[in-house]
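One structure is given below, encoded as structure tokens.
The values are calculated or read from the model by the stated rules, or taken from the named source; none is laboratory data. Nothing here was measured: the structure is a model prediction, and the numbers come from that model. Positions of Cβ are generated from backbone atoms using ideal geometry, with glycine treated the same way; all protein chains shown enter the neighbour counts. SASA here: full protein model, heavy atoms, side chains in, ligands and nucleic acids out. Shrake-Rupley method; radii C 1.70, N 1.55, O 1.52, S 1.80 Å.
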Amino acid sequence: MEYYPIYVNLRNKPVLVLGQYQILEFKITKLLEAGADIRLVSKSLSENIKIYVKSNKIEYYNDDFDEKYLEDVWLVICGSDDTDLKTRVKRATQKQNIFCNFVDDISICSFIAPAIIEKGDITIAISTSGTSPALCKYLKNKIMNTISDEYSKFTDILGKI
């Protein structure tokens, strides 16, 4: 096992998101659902991200990456194909012992994000250690189809007991 599976409580924790890829929309949405305080450093925004910025759900900096944005940060998500940027972010996060995920580049990640299935309080994470996203997606769909909403209701009942 190359990666140690973990669930992290990010409620009210600063998370830095860098880049401009569409996939960052999904990551930002999931981070917001987890209660993270998001700082976004990017030169461009999608329409959905603009809504988050206008409603003050995330801090936005129309800027290039600078180590000052790492102050007090718990986690970094970097979605860019800029090799120089990724190198600078990797060095800076390693120096400060901050976990960093580089979207679509597992070779330099300090953590990877699994595929997630959520049914109420049930959360299932699926990973192929980044080797086969297609297989991961297939497994996610297969598992999703076997877990009905009754399981979520069952966890509610068990939680009350």
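For the reader, a short list of remarks on this structure follows.
- Hits in the range 127-151 (condition: assigned to a helix (DSSP H, G or I), closer than 20 Å to residue 30 by Cβ and at pLDDT 85 or above): 136, 137, 139, 140, 141, 143, 144
- Residue among 63, 104, 72 that is assigned to a loop (DSSP other than H, G, I, E, B), in contact with an Asp or Glu (Cβ under 9 Å, 6 or more places away or on another chain) and not aromatic (Phe, Trp, Tyr): 104
- The single condition among (1) touching a Ser or Thr at 6+ places or on another chain (Cβ under 8 Å); (2) in a loop (DSSP other than H, G, I, E, B); (3) surrounded by 11 or more Cβ atoms within 10 Å (Cβ to Cβ) that residue 25 does not meet is (2).
- Counting only residues that are touching a residue at least 12 places away in the same chain (Cβ under 8 Å) and among the hydroxyl-bearing types (Ser, Thr, Tyr), the range 85-126 holds 3 of them.
- The selection criterion, being within 26 Å of residue 130 (Cα to Cα) and either buried (at least 16 other Cβ atoms within 10 Å of the Cβ) or touching a residue at least 40 places away in the same chain (Cβ under 8 Å) (or both), holds for residue 2.
- Count of the range 121-161 residues which are over 30 Å from residue 102 (Cβ atoms) and open to solvent by less than 60 Å² (accessible area, probe 1.4 Å): 4
- Checking residue 124 against (1) assigned to a strand (DSSP E or B); (2) touching a Leu at 6+ places or on another chain (Cβ under 8 Å), the condition it does not meet: (2)
- Subset of the range 10-27 (residues that are in contact (Cβ under 8 Å) with a residue 12 or more places away in the chain and farther than 17 Å from residue 70 by Cα): 11, 20, 21, 22, 23, 24, 25, 27
- Answer residue from the range 58-104, given it is within 16 Å of the chain's Cα centre (by Cα) and open to solvent by 90 Å² or more (accessible area, probe 1.4 Å) and is nearest to residue 33 (Cα to Cα) among those: 74
- The range 122-161, residues that are closer than 30 Å to residue 106 by Cα and of a type in the set (Ser, Thr, Tyr): 123, 127, 128, 129, 131, 132, 138, 146
- A Cβ distance below 9 Å, combined with a sequence gap of six or more or placement on separate chains, defines the contacts here; from the range 51-65, residues that are free of Cβ contacts under 8 Å to residues at least 12 places away in the same chain reach residues that are open to solvent by 60 Å² or more (accessible area, probe 1.4 Å) in the pairs 51/57.
- Residue 48 vs. criteria under 30 Å from residue 147 (Cβ atoms), part of a helix (DSSP H, G or I), free of Cβ contacts under 8 Å to residues at least 60 places away in the same chain and open to solvent by 40 Å² or more (accessible area, probe 1.4 Å): yes
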